[in-house]
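Below is one structure, written out as structure tokens; comments come after it.
Just so you know, all these numbers are worked out from the coordinates, no wet-lab data involved. A quick note: this is a predicted structure, and the numbers were derived from the prediction, not measured. Ideal geometry is used to build each Cβ from the backbone, glycine not excepted, and the neighbour counts take in all protein chains shown.
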């Protein structure tokens, strides 16, 4: 019975946070249809953030979004075209003053696909050879914490709001002095689901025995789909933190709705807006990812999604009345098709 409960299928079935997005969102599609009818557009959300391509729903380039931010708020980043020789990439990196380790990731993409921490030139050469789309070399941010903060502001107002905070803990194990990493991994349901990428990316560590109390980070990525533990930290919302996030978001032209993924030194520093780095700005396609805290039920998740869709509809319709167009059905279908092509190219590789 115990071995059956450790089977990946059973783990997914018993924990809704591992269900496919289609299954999670399926019961909510009638509500989305109702909002679309009211807006007279299936792609009403593309008007939420006028300065970002498609409002940040799909096919937005990370480089374009970074360019909207003051440079001190995000890590030093350079764009590399796919097919670029590794030596050229290394030269561009050096000219920007970036040193190893680095974070490499596709310019267009989601769910952490293609994101990789690179330690040396050999790993950079391998990544450059495998990356099928334009990609970024980004300065590695060493701050120990990572959080996603969901923010919105109604157009025409000077007041911003935080609707959710998620803390992201990377895939890691803590040693007991006698157990190998491979066996420590198999003790965690969450990591069993990530076994393929752990076995591929951490092959040289699997038989290592960490010291008692030693923590070993296996996948240093803040993505739920790559095994990170998401915990709801919305209780940390204060007026001071809200003011700080609002001050940051007000510096992004016409940004009204989305999630900031931030690395930071401490929660106190984050509240002050010090020792932080914004690693991504996600627009109208953002999820309120605090819903993926294992303590939350699927019913909590549905309530939060509906709440955020209401806000998204309100902001988009207000912008539309000011002349911001919705993406047409034909254009929207083309954008979705283009994104699926990129997603398929990235999905066939283990990063």
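Before rounding to the nearest 500, sum -39500 (n - 2.57) across all DSSP H runs of length at least 4 in the chain and divide by the residue total; then give [θ] at 222 nm in deg cm²/dmol.
It comes out at -10500 deg cm²/dmol, rounded to the nearest 500.
Would any residue of the range 163-182 have its amide N under 16 Å from a label point 7 Å out along Cα→Cβ of residue 200? List them or say none.
none
If you wrap a convex hull around the alpha carbons of the range 187-300, what volume per residue comes out, as a whole number of Å³?
Here the figure is 165 Å³ per residue.
For 287, 17, what ranking results if the residue with the fewest other Cβ atoms within 10 Å of its Cβ goes first?
If I rank by nearby Cβ atoms, fewest first, I get 17, 287.
Just how many % of Cα pairs in the range 171-219 lie over 13 Å apart, if you round to the nearest whole percent?
48 percent
If you fit an axis through the alpha-carbon atoms of helix 298-321 and take the longest principal axis of the Cα set of the chain, what angle between them do you get, 0 to 90°, nearest 10?
With both axes taken from Cα atoms, the answer is about 40 degrees.
With the convex hull built on the Cα atoms of the range 1-69, state its orientation-averaged projected area in nm².
Over every viewing direction, the Cα hull of the range 1-69 projects on average to 7.2 nm².
Using the alpha-carbon atoms, what tilt in degrees (0 to 90, nearest 10) does helix 86-95 show relative to the longest principal axis of the chain?
70 degrees
Pairing the Cα long axis of helix 29-39 with the longest principal axis of the chain, what angle in degrees results, from 0 to 90 and rounded to the nearest 10?
30 degrees
So, by mean Cβ neighbours within 10 angstrom, what's the order for 34-42, 164-172 with the highest one leading?
164-172, 34-42
Roughly how many Å is it from the Cα centre of the range 181-203 to that of the range 34-60, as a whole number?
38 Å
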